[in-house]
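Reading through the structure tokens given below for one structure.
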Amino acid sequence: MKKLILSFLFSGSMLALYAQQDPIYAQYLLNPIVINPAHAGVNNNLTLNASYRTQWTALEGQPKTLHINGSISLAENRIGIGVNITQDKLGAVTNGEFNGVVSYRLHLGNQRFISFGMQAGVMNFKNDYSALTPYDVDDPAFSDNGSATRFNIGAGVIFRTKKLTLGLSVPRMLPATIKTQSGSFAVYKQHYYLFAGYAIEANPNLCVQPTVLLRKVEGASSSVDLGVNFHFHHLHTAGLFTRNLKSCGVLLQTRVKERLRFGYVFEIPVTKNTITGFTTHEFTVGLLLAVLKNHDTKFKPH
């Protein structure tokens, strides 16, 4: 039964639609470089992150995303450089990406700055329908095995004060199209991200941070994430969020000796007629290291 559902969900049109989308992340506030290259180096040290996300856990061949990134601040913390590596998989479709990232920070005084970022790299799109058992074995959409690699560039900007963070980004500016036996189709469309977050110091040991993320894909409806995070003693975080009021989730994060971070997200759909087991789990681990003279030797929460 699961394979039958999978074949229906992962039809040619469904796979093509999925391939046009960026991976979804719930912990972008804790790992913001995944959606905006302007965040490279903003922690004033060497930052290393890894995340793994699995959706629809009850289904075989469900979406799985692995992301690794690293960035470091240079030139008295005015320049940041880094890399982003992503593998996104759904059934027979695997998308891989490698980007180099650079940012420049303009300090405005009083703990305010503007950071401009760019990234450039390659995206690989691969289909292997031999792993599926389609309901209609003669469906030509399931015979279009192959892969394609495309160059892409992206840009972003953030404005940050002690309490406010605003961000705008287009991580990949160039749409990508590939040709198959069935014809040409888009495997990627531009995504636009607009982010806002504000930190409210309730007391010295508690910070409340409401956030909103607007995600727009060319030719599709906008997506809105609303969330609120509670930071305790600047070391532990608990948060709640919803995406388009169709799913909701819980976010947990803790720091070990300030510089080692572990995070977990549990997300469930809240719409009617939802298939049981359509839960999502996301895990992250992060490390902050002071390796250069001007790097912060003590963690500074934002």
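Taking 37 °C and 0.692 mPa s as conditions, region 59-114 diffuses translationally at an estimated 239 µm²/s according to Stokes-Einstein applied to its Kirkwood radius (Cα pairs). Toward the positive end of the charge dipole of region 53-124, with +1 on the Cβ of Lys and Arg and -1 on the Cβ of Asp and Glu, the farthest Cα among Gly117, Leu66, Val83 is that of Gly117. Would you mind classifying region 221-274 by shape? Square roots of the alpha carbon gyration tensor eigenvalues, ordered a ≥ b ≥ c; an a/c under 1.5 is rounded, otherwise it is prolate if a/b is larger than b/c and oblate if not. Judged from the Cα gyration tensor, region 221-274 comes out prolate (a/c at least 1.5, a/b above b/c). Between Ala58 and His234, residue separation times 0.36 nm minus the direct Cα-Cα distance comes to 59.8 nm. Shown is the FRET efficiency for Gln87 and Leu108, computed with R0 = 35 Å from the Cβ-Cβ distance and rounded to the nearest 0.05: 0.40. Extension gain, Leu74-Leu289: 0.36 nm per intervening residue step, less the Cα-Cα distance, totals 76.1 nm.
Note on region 27-289: with charges restricted to the Cβ of Lys and Arg (+1) and Asp and Glu (-1), its dipole about the Cα centre is near 940 debye.
Inter-label distance, Leu194 to Lys163: 2.3 nm, where each label sits 7 Å from its Cα along the C-beta direction.
Non-local lysine pairs in region 27-289, meaning eight or more places apart or on different chains, with alpha-carbon distances under 19 Å, amount to 10.
Give the shape of region 38-137 as rounded, prolate or oblate, defined through the alpha-carbon gyration tensor: a ≥ b ≥ c are the square roots of its eigenvalues, a/c under 1.5 means rounded, and otherwise the shape is prolate if a/b is larger than b/c and oblate if not. Cα axes put region 38-137 in the prolate bin.
Calculated on the alpha-carbon coordinates, the convex hull of region 27-289 measures out at 134 cubic angstrom per residue. Taking only the C-alpha atoms of region 146-302, the Rg (one decimal) and the largest Cα-Cα distance, Dmax (whole number), read 19.3, 62 Å. Pop the C-beta distance of Lys126 and Val217 into the FRET formula with R0 = 35 Å and round what comes out to the nearest 0.05. E(calc), rounded to 0.05, equals 0.95. A simple spin-label model places the labels of Thr149 and Phe116 3.1 nm from each other, with each point 7 Å out along Cα-to-Cβ. Taking a point 7 Å out from the Cα of Ile268 in the direction of its Cβ, the residues of region 240-259 whose backbone N falls within less than 18 Å of it are 240-252.
Quick note: the coordinates plus some simple rules give every number you see, no bench work behind them. As the structure is a computational prediction, the values presented were derived from the model and not from experiment. Using ideal geometry, Cβ is built from the backbone for each residue, glycine included, and neighbour counts are taken over all protein chains shown.
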